[in-house]
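Please read the structure below before turning to the comments.
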Amino acid sequence: MPLNSPNTALRRSSAPTEEITAFFDGFEPLEPGVVALPLWRPDGPVPAKPTVGLQLMYGGIACKR
């Protein structure tokens with residue numbers, strides 16, 4: 001991904017994703033996995049300059065099979 005891509009700020013660090021993914025241990029992650037909330041099935045384009053709040057909020061979904 002180019003460094004000037006609108007989603008770059010949301011994907012630079014994997015630490016938050018790794019920390020949150022640990023909560024899903026023993027479950028099967030579902031699409032789109034653990035991602036910054038603006039990337040969670042967006043209805044439209046992701047903001048070019050996400051606010052700090054948008055960069056700090058992550059979400060995920062999983063199921064137990």
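Odds and ends about this structure:
- Pairs of Cα atoms farther than 16 Å apart, region 8-63, %: 41
- Compared with the direct C-alpha span, the chain from F27 to W40 gains 2.8 nm at full extension, assuming 0.36 nm per residue.
No value in this document is a laboratory result; all are computed from the given coordinates. Remember, predicted model here, so these are calculated numbers, not experimental data.
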